[in-house]
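**Student:** Provided herewith is a single structure, encoded as structure tokens, for subsequent inquiry.
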């Protein structure tokens, strides 16, 4: 439970969020073009596809935060 709370806090930690936002912008945009580019160009994006497009940005953000959080946890001195 402690790790889940720590990860929840990491999601909004400014130092981690800044890097994660950059990752999400780059990776999310690439995935958006791959997955929805044709529908965007054709003007056929449905409400469900826009929701999926938003998740395309949220997933890389969450994964980046997770990686940073785990790296910080591994580097932290162990308490006994």
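The values are calculated or read from the model by the stated rules, or taken from the named source; none is laboratory data. Treat the numbers as computed from the prediction; the structure is a model and nothing was measured. Don't worry about glycine lacking a Cβ; one is built from the backbone with ideal geometry, like all the others, and counts go over all protein chains shown.
**Student:** Return the only residue of 4, 40 being surrounded by fewer than 12 Cβ atoms within 10 Å (Cβ to Cβ), part of a helix (DSSP H, G or I) and on the phi < 0 side of the Ramachandran plot. Can you show your working first?
**Tutor:** Working: 40 fails: surrounded by fewer than 12 Cβ atoms within 10 Å (Cβ to Cβ).
From the options 4, 40, the qualifying one is 4.
**Student:** Sticking with this structure for a sec: Within the stretch 46-57, is even one residue loosely packed, with under 14 Cβ neighbours inside 10 Å, assigned to a loop (DSSP other than H, G, I, E, B) and modelled with pLDDT of 95 or more?
**Tutor:** yes
**Student:** Hey, another quick one. Quick check: anything in the stretch 15-33 modelled with pLDDT of 95 or more, assigned to a helix (DSSP H, G or I), more than 16 Å from the chain's Cα centre (by Cα) and surrounded by 13 or more Cβ atoms within 10 Å (Cβ to Cβ)?
**Tutor:** Within the stretch 15-33, one or more residues are modelled with pLDDT of 95 or more, assigned to a helix (DSSP H, G or I), more than 16 Å from the chain's Cα centre (by Cα) and surrounded by 13 or more Cβ atoms within 10 Å (Cβ to Cβ).
**Student:** Just the residues that are free of Cβ contacts under 8 Å to residues at least 12 places away in the same chain and more than 30 Å from residue 13 (Cβ to Cβ), please, taken from the stretch 35-66.
**Tutor:** 37, 38, 39, 40, 41, 42, 43, 44, 45, 46, 47, 48
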